[in-house]
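Single-structure report; data block below.
The values are calculated or read from the model by the stated rules, or taken from the named source; none is laboratory data. Keep in mind it's a predicted model, so treat the numbers as computed, not measured. Cβ atoms come from the backbone with ideal geometry, glycine included; neighbour counts cover every protein chain shown.
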Amino acid sequence: MKRLIECVPNFSEGRDIARVDAIVAAMREVPGVFLLDRESDADHNRSVITLAGEPEAVAEAALRGVGKAAELIDLTKHAGAHPRMGATDVVPFIPIEGVAIEDCVALAKKVGREIWERYRVPVYFYEAAAQRPERTNLENIRKGQFEGLREEVLRNPDRAPDIGEPRLHATAGATVVGARKFLIAYNINLNTPDIEIAKRIGKNIRYSNGGLRYVKAMGVDLKARHLAQVSINMTDFEQTPLHRVFEMVKRETERYGVSIVGSEIVGLIPKRAIELTADFYLQLENFSPAQELENRLGASLGGASADDPGSKLAALAQPFLDAVAQPTATPGGGSVAALAGSLGASLGHMVAGLSRKKKSQAAHVDKLSEALADFQAAARTLAEAIDRDAASFESVMAAYKMPQGSPEEQGHRETAIQRALQGAAQVPLEVARGSADIFERLGQLEGISSPSMLSDIRVGRLMAAAGVRGALENVAINLESITDGSFSGRMRSESAALLARVSESPVNASRS
């Protein structure tokens, strides 16, 4: 049986995306860990990363993220709308498959001890891993935030960490580690900048004040959007579903003469939560998830016979196709370009692997083996760029959302925008470089591979060329808004050179 867990570390950085990239890169170095989602919010000045995989691998990835955050984030210079007490503020482990909550508790305790041993960052345990009843709730631990806790922990033994010395790390604060069920982070935005209204609504709906069970809520000031937000954590969406929370907030807004202008999910949400909400609002009679097309297809494709590989391949491709088709900015053209380049490399990997097994190509075994390793590495790098491109665009959006109420804030915002735009141009340029290399390497493969695989090589070159051209479109669109002429000049010069490298047709013109 598979053993899968989810981990959703929250880092106190949502404006400097280069730092977030470095933290994510440190976690992705661990084999067997999958990055499911990453979101950064400039107003909150916080990033939420979703990891999944085998427990031991995910635990190691989380530890590396904590270490990198402690290295890069200084809480003495940090400000944001979201409460925080650590550079890595919270690290929850969630059982997914083949793992019980008790296993996640044991893992949380192990990770907490290791955080202290490796990085000397003190640790508190919460939720199912709490060692004291009053520390089950995160808000009790985080009371006073970094600045208040830093002083109180020195004189109040009741605030001392569960692991480590009774003092906070000078710049990284303390980290809260725990185990819990799946949590939905749900924000509702109001058509008012009055933060006091959002705070009162948050107080009225949260369970600790007599509101909805399994709901935690607070008011947040979205300065960049001139809105107030009710920021909500739902710890059991089946007991207290999404629509019930929305309806209660809606009733509360009517009391204060305001209204809801929109809501958002931070991170991932189980499909079942959406099903429950749709069922409620549509008042469906005798509705079953088996009536959903995707569920029925999934069940059918999952049971596809061994002699029907096409269905299985379609099932593998569909999640990415669905993600691209969504009415959201990412993943978009840049991610698709990276996928095209990666597919070209993967075809090269296939051709080299099959060709070196053929007696007719025995003289080229060494070259084919070298090509095999190169194509494999390139395919992996370009595949990783699918997420990197999406993240770079989200960095630009986060920078545009930064506060601009004062000249100082405007200056910080403009600097962040230019830095993010340069990052958003550099990622697709790297994709174009890698794809151009694949285009040329596939051409070299023609002379040493099996002649029967010539069409695969040519399709691979077409995909690599598409990767170059598509990536350069994304470079160009970002350069339009970059004010550094020297940077733009270098990027345009290299773009032209890369385009010239793939101008050769991958298909022999004399072929009938």
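Numbers for the structure displayed
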item	result
Boolean, E13 is out of contact with any strand residue (DSSP E or B) (no Cβ under 8 Å at 6 or more places or on another chain) and either over 18 Å from A179 (Cα atoms) or not assigned by TED's automatic domain parsing to the domain that holds R419 (or both)	no
Segment 431-483, residues that are polar (S, T, N, Q) and farther than 30 Å from R413 by Cα	S435, Q444, S449, S450, S452, S455
Matching residues, segment 466-479, being of a type in the set (G, A, S) and without any contact (Cβ under 8 Å) to a residue 60 or more places away in the chain	A476
Every residue from segment 155-202 that is small (G, A, S), closer than 25 Å to E102 by Cα and in a loop (DSSP other than H, G, I, E, B)	A160, G164, A174
Considering residues of segment 433-464 that are part of a helix (DSSP H, G or I) and in contact with a Ser or Thr (Cβ under 7 Å, 6 or more places away or on another chain) only, the residue nearest to G341 (Cα to Cα)	A464
I274 being at pLDDT 85 or above, within 29 Å of E39 (Cα to Cα) and either in a helix (DSSP H, G or I) or not acidic (D, E) (or both)	yes
Residue under evaluation L301, criteria (1) modelled with pLDDT of 65 or more; (2) touching a helix residue (DSSP H, G or I) at 6+ places or on another chain (Cβ under 7 Å); (3) not assigned by TED's automatic domain parsing to the domain that holds T235, criterion not met	(1)
Number of the exception - E139 against (1) out of contact with any strand residue (DSSP E or B) (no Cβ under 6 Å at 6 or more places or on another chain); (2) at pLDDT 95 or above	(2)
Any chance I265 is in contact with a Gly (Cβ under 7 Å, 6 or more places away or on another chain) and modelled with pLDDT of 85 or more	no
Only listed residue being under 17 Å from L339 (Cα atoms) and either of a type outside the set (D, E, K, R) or in contact with a Lys or Arg (Cβ under 9 Å, 6 or more places away or on another chain) (or both), chosen from A391, A398	A391
Residue identified as among the small types (G, A, S) and more than 30 Å from H364 (Cα to Cα) among S452, S493	S493
Test: residue in segment 51-65 that is closer than 20 Å to P331 by Cα and within 15 Å of the chain's Cα centre (by Cα)	yes
Selection count where residues are acidic (D, E) and buried (at least 20 other Cβ atoms within 10 Å of the Cβ), scope segment 345-386	0
Residue match in segment 318-328 (condition: modelled with pLDDT of 75 or more, in contact with a helix residue (DSSP H, G or I) (Cβ under 6 Å, 6 or more places away or on another chain), farther than 29 Å from A371 by Cβ and assigned to a helix (DSSP H, G or I))	no
Residue in segment 402-423 that is surrounded by 15 or more Cβ atoms within 10 Å (Cβ to Cβ) and either within 30 Å of Q361 (Cβ to Cβ) or not assigned by TED's automatic domain parsing to the domain that holds D387 (or both) present	no
Among residues of segment 203-229, those that are of a type in the set (A, V, I, L, M) and in a helix (DSSP H, G or I), counted	2
Condition met for R150 (over 18 Å from V66 (Cα atoms) and touching a Leu at 6+ places or on another chain (Cβ under 9 Å))	yes
Close pairs from segment 423-439: first closer than 17 Å to A18 by Cβ, partner assigned to a helix (DSSP H, G or I) and of a type in the set (D, E), Cβ under 9 Å, at least 6 apart	G423/D21; A424/D389; V427/D389; P428/D389; P428/E473; L429/E494
Selection from segment 133-143 of residues that are part of a loop (DSSP other than H, G, I, E, B) and in contact (Cβ under 8 Å) with a residue 40 or more places away in the chain	N137, R142
Subset of segment 38-70 [closer than 15 Å to G267 by Cα and free of Cβ contacts under 8 Å to residues at least 60 places away in the same chain]	R46, S47, I49, L51, A52
Verdict on G489 being loosely packed, with under 13 Cβ neighbours inside 10 Å, part of a helix (DSSP H, G or I), in the same structural domain as A378 (by TED's automatic domain parsing) and of a type in the set (G, A, S)	yes
Subset of segment 231-248 [of a type in the set (S, T, N, Q) and in contact with a strand residue (DSSP E or B) (Cβ under 9 Å, 6 or more places away or on another chain)]	S231, N233, T235, T240
Count of segment 424-449 residues which are over 30 Å from the mean Cα position of the chain (by Cα) and surrounded by fewer than 19 Cβ atoms within 10 Å (Cβ to Cβ)	6
Enumeration of residues in segment 211-237 that are aromatic (F, W, Y) and free of Cβ contacts under 8 Å to residues at least 40 places away in the same chain	Y214
